[in-house]
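The values are calculated or read from the model by the stated rules, or taken from the named source; none is laboratory data. Since we're looking at a predicted model, the values are computed, not measured. As a convention, Cβ positions derive from the backbone with ideal geometry for all residues, glycine included, and neighbour counts pool all protein chains shown. Protein only, heavy atoms only, side chains kept; ligands, DNA and RNA dropped before computing areas. Shrake-Rupley method; radii C 1.70, N 1.55, O 1.52, S 1.80 Å.
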Amino acid sequence: MSVTASQVNGAVQTLTQSSDTLFLLLGAIMVFLMHAGFAFLEVGTVRQKNQVNALVKIIADFGISALAYFFIGYWVAYGGTFFADAETLSQGNGYELVKFFFLLTFAAAIPAIVSGGIAERARFYPVLIATFFTVGLVYPFFEGMIWNGNFGVQAWFEAEFSAAFHDFAGSVVVHGVGGWIALVAVIFLGMRKGRIRAGKHTNFVPSNIPFLALGAWILSVGWFGFNVMSAQTLEGISGLVAMNSLMAMVGGIVASLIAGKNDPGFIHNGPLAGLVAVCAGSDLMHPIGALATGMVAGVLFVYLFTYLQNKTKIDDVLGVWPLHGVCGAWGGIAAGIFGQTAFGGLGGVSLTVQLLGTALGIGVAVLGALAVYGAINAVTGLRLSEEEEFNGADLSIHKISSTNED
């Protein structure tokens, strides 16, 4: 029996669709696993009386994020809904459904980032309400601008500067936005009780360095799904993205090792700083440019986190603003520097546009967070009572401790 050209083309198309669906599904699973990394990084950093709350917040935030993004956020960003019948939704091997899952894991990173900044003194349900609105409205508003061309922002950049804002895997769209939202929430909540003693800043020691390290390792491994699989198809996969992610991670490790003076907390956050920063330009940079990007990010994190904790009243428990907000912004700018052909990059990127797009992301995040957290703080309050904070979020909110002895 002869096989027609149309049959061959149909078989090839089916194979391509199914391969792309599987590829993106594996990416979604890897990024989903990163949320365990967020959880254990926070568990290891907070005091023992707040460990259960750290774990519960991350998984509860993911559930609320999924609902917000399914019913509102994905529509805001991409104009897509899921109200068709299952047969329609599953066309093309269900690629669009898996794409939603993949993008949801990015969206859910926003409250996971915020969680680390507001740890140990935030009320539970008001924070979940904030999660619904930040994932349903604030984050997808900017996501749609950059990754779907909404509101003509990217078209204007291209018309005026001959280049769109480039953020391959979300240095600004995800991490920058999440970090700056977290800064606003942290400022609303204020400092934890006991941080100021005799007029001097006191830093609480991490409760469990092995858990902190485990969280950092899970995040670092999952990040290769976050970056490489942002191509979203097998045809678009690039070893350059993997290599640049690796080199930026290494740069962050080495820089934090030196600048952090062997502190294990800094050393395990260093690779994360580098990976945050390289997301935007990982598909453009030369590996040496990625290494430099990661090294700058590692230094930025160490010095900014130290300054915040010792010199200001901004009590960012895990340092999520310097790690995600500042390093994410640096990543957007770095793509405009090391993505240039003069620095060995592939080109096609404008430093001016990268600066403008990064500033726009920060502006959307700050204004959106002021609206969401400001309204919730005014209506219900965001912070635990002094007694609840003293007893710890585990007992005050969940009525259980992380150990049998308490």
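Under 5 Å from the amide H of V46 lie the amide H atoms of S207, each residue being 5 or more positions distant or on a separate chain, with H modelled from the backbone and absent for Pro and chain starts.
A cut-off of 5 Å between modelled amide H atoms, ignoring neighbours fewer than 5 places along the same chain, links I196 with T202.
Once R0 is set to 41 Å, what does the formula 1/(1 + (r/R0)^6) return for the Cβ-Cβ distance between L22 and L346, expressed as a FRET efficiency to the nearest 0.05?
0.90
Packing, as the average of other Cβ atoms within 10 Å across residues, places the peptides 238-245, 187-194, 393-400 in the order 238-245, 393-400, 187-194, highest first. Normalising the average separation of contacting C-alpha pairs (under 8 angstrom, six or more residues apart) by the number of residues puts the relative contact order of the chain at 24 percent. Under 11 Å from a point 7 Å along the Cα-to-Cβ line of A159: which residues of region 333-368 have their amide N that close? Taking a point 7 Å out along Cα→Cβ of A159, no residue of region 333-368 has its backbone N under 11 Å.
The alpha carbons of region 26-95 give a radius of gyration and a Dmax of 16.3, 49 Å, in that order. Over the chain, DSSP H runs of length four or greater, each weighted -39,500 (n - 2.57), average out per residue to a 222 nm ellipticity of -21000 deg cm²/dmol.
Under a point spin-label approximation (7 Å from Cα along Cα-to-Cβ), what is the A371-I288 distance to one decimal in nm? Calculated label separation equals 4.6 nm. For the chain, modelled as a GNM whose springs connect Cα atoms under 10 angstrom apart, the maximal fluctuation among F151, F211, F23 occurs at F151. Mean projection of the Cα convex hull over all viewing directions, computed for region 10-398: 19.2 nm².
Spin-label pair F71-E235: with each label point 7 Å from Cα along the Cα-Cβ axis, the two points sit 3.7 nm from one another.
Ignoring lysines fewer than eight residues from K399 along the same chain, the ones with Cα atoms less than 23 angstrom from its Cα are K49, K57, K193. Shape class for region 208-288, computed from the alpha carbon gyration tensor (a ≥ b ≥ c): oblate, with a/c not under 1.5 and a/b at or below b/c. For the chain, with a Gaussian network of springs between Cα atoms less than 10 Å apart, report the residue from D263, D315, D20 with the top mean-square fluctuation. Fluctuation is largest for D263. The modelled label-to-label distance between K200 and I29, using points 7 Å beyond Cα along the C-beta direction, is 5.2 nm. Backbone phi angles across region 270-285, fed through the Karplus curve with coefficients 6.51, -1.76 and 1.60 (θ = phi - 60°), yield HN-Hα couplings of x, x, 5, 4, x, 5, 4, 5, 7, 3, 5, x, 5, 8, 10, 6 Hz in residue order; Gly and Pro are listed as x. What are the lysines whose alpha-carbon lies under 17 Å from the alpha-carbon of K99, with same-chain residues fewer than 8 places away excluded? Excluding near neighbours in sequence, the set is empty.
Compared with the alpha-carbon gap, the fully stretched path from T81 to Q13 is longer by 22.0 nm at 0.36 nm per residue. Region 298-343 and region 353-398 have Cα centres lying 19 Å from one another.
Rolling a 1.4 Å probe across the protein heavy atoms gives the chain an accessible surface of 41 Å² per residue. What separates the Cα centres of region 120-158 and region 27-98 is a distance of 14 Å. Over all other residues within a Cβ to Cβ distance under 14 Å of D20, the charged ones net out to -1, with Lys and Arg as +1 and Asp and Glu as -1. When the solvent-accessible area of region 269-316 is split by element, carbon and sulfur atoms take up 73 percent of it, the probe being 1.4 Å. Rounded to the nearest Hz, the phi-derived 3J(HN,Hα) couplings of region 235-246 under the Karplus curve 6.51 cos²θ - 1.76 cosθ + 1.60 (θ = phi - 60°) are 4, x, 5, 9, x, 4, 4, 5, 5, 5, 4, 4, where x marks glycine and proline.
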